[in-house]
1. I want to verify a result. In a Gaussian network model of chain B, Cα cutoff 10 Å, which of these has the top mean-square fluctuation: B:GLN72, B:GLN19, B:GLN38?
2. How much of the DSSP bridge set in chain A is antiparallel, in percent, rounded to the nearest 5?
3. Net charge near B:PRO51: determine it from the other residues with C-beta under 14 Å of the C-beta of B:PRO51, scoring Lys and Arg +1 and Asp and Glu -1.
4. Tell me which of A:LEU362, A:VAL398, B:GLY87 sits at the most positive position along the dipole axis of the protein assembly as shown, charges placed on C-beta atoms (Lys, Arg +1; Asp, Glu -1).
5. Need one value for B:52-60: mean number of C-beta atoms belonging to other chains within 10 Å of its residues' C-beta atoms.
6. Using 0.36 nm per residue, how much length does the chain from A:PHE89 to A:ILE427 gain when fully extended, once their Cα-Cα distance is taken away?
7. What list of ³J(HN,Hα) couplings, whole Hz, do you get for region A:23-28 from phi and the Karplus terms 6.51, -1.76, 1.60, once you set θ to phi - 60° and write x for glycine and proline?
8. DSSP loop chymotrypsin sites (Phe, Trp or Tyr not before Pro) in region A:101-134 with at most 10 other Cβ atoms within 10 Å of their Cβ, which ones?
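FYI, it's all coordinate maths here, none of it is from the lab. Given the structure is predicted, the values throughout are model-derived calculations rather than measurements. Cβ sites come from the backbone with ideal geometry, for glycine too, and all protein chains shown count toward neighbours.
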Amino acid sequence: MSTAKVDLHKLARITNFMIASSTGAFFFAGYFLSFWFHFGTVFFLMLTVANFFYRHVQTQHTILRNFGVIGQMRYVLESVGPELRQYLFSTDTEERPFNRVERAEVYRKAKGIEGAQSFGSQYNYDENEIKLRHAMFPTDHADLEPYRLTFGEERGLAQAYTIDKPIVISAMSFGSLGSQAVRTLSRGARLAGIPMNTGEGGYPKYHLQEGADLIFQMGTAKFGVRNDDGSLNDDKLTALAAHEQIKMVEIKFSQGAKPGKGGLLPKEKITTEISELRGVPMGQDVVSPPYHVECRNLVSTVKFIRRVQEVAGVPVGIKLCVGRPSEVGELFEEMKRQEVFPDYISIDGGEGGTGAAPKAYLDGVGMPLLPALKSVGDMMVEMGVRDRMKLLAAGKLVTPGRQVGAMCLGADAVYTARGFMLAIGCIQALQCGNNTCPVGITTHDPSLQRGLVIEDKAYRIANYVKGSVKDIEHILCSMGVRRVRELTFDHLYVPHDSILSVQGDAE
Amino acid sequence: MKNVPKKSTPALIATWGAQLVAAGILGYAGYLKLADHQADIELFTQLGMEPAGRYIIGGLELLAATLMLIPQSAVYGAILGLGVMLGAIIGHLTALGIDVKLLFALLVAALCVVVIVIRRFDAEFLRNLWDHYRYDVE
Ligand SMILES: Cc1cc2nc3c(=O)[nH]c(=O)nc-3n(C[C@H](O)[C@H](O)[C@H](O)COP(=O)(O)O)c2cc1C
């Protein structure tokens, strides 16, 4: 089909010629007819000069070099593009990482609004999406077993920790979040009756403030419990774990947003407070290595888990993003050999979120949650370690459909970070790393934090949890089971060409 | 605005010096025009723009002077000031003849250019006129 196509290059050439010649034309009109025309002379003269600079002086913008001032239009459009797309042009299922339908569902739950929708699904239903299978004979709600998950029961731990809702707030450090957001989440966690992971930001001062149960996360730099060389300081961990609110400790090996990548805390960011909480000196950069210095092979890794369990006294879990399922298998093998098992293992999907990570890692490194979780879950059963530890999962598990899906793949409970950010008002402005978060969550700027009112938003957490648990329970009933652990892979409808039907890893 | 490089102290002193002098001259000239100063009336009669042209130009001069005194808008004031001065220069060269007022117009135009160059990062379309980013290797 031939259509009249706008030849931009030609149009630009004509425009550029017109601008220059208009200057001359207006000048003559100003000279011979009326001085008023010189308004035009001046305008086009300045435009001509600007055009000259765009086309011949600057060298960094190809479009401006080639097209001149009308090329500038492109930059104007580009700079307002994200807003235009979000507000005007994007369909409800188009945005990433969370589309409007998903976000709206979280917002609704957080505000305590019922989630009924009319007429039909917004999704492209025939696409290769995984669905849940309901049963011909659903369970009566009254017959559901109350949810209970006890960490540390396998080891008969005196300080075993029980949760009664299958949703936990995933790791977000103070630092990536502002203090206001941390306090909101932690107060919300207390109201909702769920624990909250502290993230690897060191001593959880703001997390503790609002009285929530905490899972203390130990990153590779071991902020808050480190020696000066970045190794674990047993005494500091013992002291911290003795705190009444700290119910579990989590050793982070890797996270989905940047698996296998360390980090650098630049000295400019180390305020007195950060230095104190993280236990690092001021005035010099601090390196987060990509691994724990204690863990350089399978044997030392499992030994380290044992050591942390002994030092902490509370249940100890590990968090990792899967690169190669076989490596996890080898880890299980070594655990069996040493008779040492963490109290839970949490699988983070490659789609995980973060405050800031190199784009290459966000987009391209790490197995996506569903296949990774399936590999690990299956392996645990095959290797006979399924009843030695609990299995948790994270990776965009913000809506009940996907949450129950993860449970079918073996998860005992789900972790989510961004789900809770959305619940307290995240609008996905994608500025977490810039200190300019417009809704005051990932910023330390008080003038932006003032918009985030703890009293109000903490209830959104409680509502979000309540609504999600209710949906999960209803779905369990529809699927004809009485508890989460009865769910299996067979409860999933997996289309032929979905991410789960081909086992991505041909090892 | 994001990623605006810090201006060095000498650059800040230069731009503020230029802004103050230019704003002073523009403001005074604008005031005289709006106050029906006799010389201006004659000048605009000569250009055939009396009185509307005199009021418009006077108003623009005052506006440019005001914008130039506010940090956030100084660069826009300078662009406006430069435009008005270009008009004045054209006027002197083509109709009014060369006199001391032409010198003032040239001076103010030059000061406006100084402000625009130093403050080119304050407006997106200006910063693109020059090469403006460094390639940071981390
Ligand atoms: C702002 C922010 C900060 C995070 N900080 C940490 C952290 O300190 N340690 C960690 O292991 N994971 C961290 N994560 C990753 C989350 O805990 C979670 O694993 C990941 O986002 C996947 O869950 P989601 O899809 O529900 O967000 C962070 C995520 C976000 C969004």
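1. Among B:GLN72, B:GLN19, B:GLN38, the largest GNM mean-square fluctuation belongs to B:GLN38.
2. Details: 9 of 37 bridges.
Antiparallel bridges make up about 25 percent of those DSSP assigns within chain A.
3. Numbers: positive: B:LYS33, B:ARG54; negative: B:ASP36, B:ASP40, B:GLU42, B:GLU50.
For residues surrounding B:PRO51, the net value is -2.
4. My answer, from the dipole projection, is B:GLY87.
5. Working: counts 1, 4, 0, 0, 2, 1, 0, 0, 1.
Partner Cβ neighbours, averaged per residue: 1.
6. Numbers: separation 338, 0.36 × 338 = 121.68 nm, distance 1.67 nm.
Gain on stretching A:PHE89 to A:ILE427: 120.0 nm.
7. Per-residue couplings from phi come out as 4, x, 4, 5, 4, 5 Hz.
8. On the way: sites: A:TYR107, A:PHE119, A:TYR123, A:TYR125; in loops: A:PHE119, A:TYR123, A:TYR125.
Answer by residue number: A:PHE119, A:TYR125.
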